[in-house]
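Report on one structure; see the data block that follows.
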Amino acid sequence: MHPRSTIVQQPTPLEHAGRLSDHLGIELWIKRDDLAGPCFGGNKARQLEYYFGAAVSAGADTVLITGAVQSNFVRLTAAVAAALGMQAIVQLEDRVPGKPEAYRTAGNVLLCEMLGAEIMTFPEGEDEEGADAALHERAKVLRSEGRTPYIIHLSEGHPPLGALGYVDCAREILDQDDGFDVFVVASGSGSTHSGLLAGLRGNGSKARVIGSCVRRPARDQTSRIRRIVARLADLWDGASGIVPDDIVLWDGALAPGYGQVGKPTADAMLLAAHYSGLILDPVYTAKSFAAVSALAATGDIRKGARVCYIHTGGLGAIGAYSDTIREALSHS
Ligand SMILES: *Cc1c(COP(=O)(O)O)cnc(C)c1O
């Protein structure tokens with residue numbers, strides 16, 4: 001068993017989206033993981049149950065993590081650390097070019113400051129190994145000062161503890177409703193996608209799981225998910241039955257790149273708002289929801305299919321994207 005801290009009040013709601021279902025010609029349900037955990041919630045709350053479980057077992061007093069400037073993972077880490085009486089040290093990476101001032105000061109950055117996190121910066125957004133190495137340097141200094149740091153790694157090659165949180169979520173959904181044909185989820189670092197897929201297959205569900213690429217193209221993401229699933233099988237046996245055909249990625253809303261919004265993403269964001277009162281963020285959930293509307297339109301998700309869309313959160317960042325969102329509104 002892997003040590004786990006309780007962070008998410010489970011189960012999160014599973015809601016039928018009636019008007020969106022009628023509009024898209026499918027039976028759409030929303031798994032409200034935007035309501036998981038503290039401080040504007042999100043999928044990282046489930047992942048953190050296992051990272052903080054490990055940190056607490058190791059007697060850590062400080063938790064270090066790296067992410068994009070508007071990272072939700074970093075913000076939730078700062079919130080959970082505050083609740084547990086630990087210091088959070090968060091490193092923000094410059095990944096997205098050409099963003100306005102609010103990107104650096106509002107949304108999740110503001111929340112991290114309010115939560116009392118110590119903020120470090122890192123110049124290179126595509127260097128996962130380098131970003132983690134900078135955390136190790138900082139941890140070395142902390143150790144020399146008598147502190148006990150715990151690092152939540154971004155790069156591959158570490159046990160994917162976070163994915164275990166989505167193995168739990170898969171079980172939770174099957175308990176709520178075991179009749180879904182299709183699941184749609186954002187695929188970024190890949191922990192959520194891998195854990196959900198493993199949790200479904202490991203508990204007997206044959207439903208299709210479609211990962212919507214938010215970070216890198218489908219080909220690269222497919223091999224990344226394959227590697228994470230293999231590592232997850234070392235933590236949880238249920239992941240060992242996954243076959244290559246189970247790993248399905250769609251990247252039709254990825255362009256023009258991570259954290260940047262194309263038309264399918266802008267349209268999906270406003271569709272969800274106008275037809276269900278559901279707020280999606282432009283970086284992750286509007287991109288993942290674009291897969292639902294696009295694939296329902298092409299028939300890749302067949303008419304009448306029972307679809308579970310995982311709302312992974314991202315709402316703490318909304319205020320930092322007011323320019324992007326206004327731009328989408330102006331074209332609608
Ligand atoms: C991080 C994040 C994702 C992607 O999850 P991964 O486990 O990294 O693939 C999706 N949605 C939101 C809101 C996120 O913050």
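Roughly how tilted is helix 161-176, in degrees to the nearest 10 and between 0 and 90, from the longest Cα axis of the chain?
40 degrees
Roughly how tilted is helix 128-144, in degrees to the nearest 10 and between 0 and 90, from the longest Cα axis of the chain?
30 degrees
Just want the ordering: Thr77, Thr62, from fewest to most Cβ atoms lying within 10 Å of their own Cβ.
Ranking Thr77, Thr62 by Cβ neighbours within 10 Å, fewest first, gives Thr62, Thr77.
Have a look at Ile225, Ile119, Ile89 and tell me which one the Gaussian network model of the chain (Cα, springs below 10 Å) gives the largest fluctuation.
Looking only at Ile225, Ile119, Ile89, the largest GNM fluctuation is found for Ile119.
Given the options Gln87, Gln47, Gln70, which has the most mean-square fluctuation in a GNM of the chain, springs set between C-alpha atoms less than 10 angstrom apart?
Gln87
Over segment 35-94, what is the relative contact order in percent, taking alpha-carbon pairs closer than 8 angstrom and at least six residues apart?
35 percent
Below 8 Å, C-alpha to C-alpha, sequence gap of six or more: please give me the relative contact order for segment 44-152 in percent.
So the answer I get is 34 percent.
Please say if segment 192-332 is rounded, prolate or oblate, where rounded means a/c under 1.5 for a ≥ b ≥ c the square roots of the C-alpha gyration tensor eigenvalues, and otherwise the choice is prolate for a/b larger than b/c and oblate otherwise?
Taking the square roots of the gyration eigenvalues as a ≥ b ≥ c, segment 192-332 is prolate.
Treating cross-link reach as a plain straight distance, find the aspartates and glutamates whose alpha-carbon is under 12 Å from the alpha-carbon of Lys206, omitting any fewer than eight places away in the same chain.
Answer for Lys206, where 12 Å is the Cα cut-off: Asp178, Asp181, Asp245, Asp246, listed by chain and number.
Could you tell me which of Val63, Gly304, Gly85 has its Cα farthest along the dipole of the chain towards the positive end, charges placed at Cβ (Lys, Arg +1; Asp, Glu -1), taken about the Cα centre?
Of the listed residues, the answer is Gly304.
Using a Gaussian network model of the chain with C-alpha springs under 10 Å, which one of Ala36, Ala106, Ala198 is most mobile by mean-square fluctuation?
Judging by the Gaussian network model, the answer is Ala106.
Taking θ as phi - 60°, what are the ³J(HN,Hα) couplings along segment 33-40 by the Karplus curve (6.51, -1.76, 1.60), each to the nearest whole Hz, with x for Gly and Pro?
7, 5, 9, 7, x, x, 6, 6
Could you tell me how many degrees, from 0 to 90 and to the nearest 10, lie between the Cα long axis of helix 43-57 and the main elongation axis, the longest principal axis, of the Cα atoms of the chain?
Around 30 degrees separate the two axes.
What number do you get for the chain when its Cα radius of gyration is normalised by 2.2 N^0.38 Å, N = residues?
Scaled against compact globular proteins, the figure is 0.94.
Hey, fewest Cβ within 10 Å first, where do Met120, Met114, Met86, Met1 land in order?
Arranged by neighbour count, lowest to highest, Met120, Met114, Met86, Met1 become Met1, Met114, Met120, Met86.
Let me check the size of segment 44-152 from its C-alpha atoms; what are the radius of gyration and Dmax in Å?
When restricted to Cα atoms, segment 44-152 yields Rg and Dmax of 13.4, 41 Å.
FYI, it's all coordinate maths here, none of it is from the lab. Quick caveat: nothing in here was measured; it's all calculated off a predicted structure. All Cβ positions, glycine included, derive from the backbone under ideal geometry; neighbour counts span all protein chains shown.
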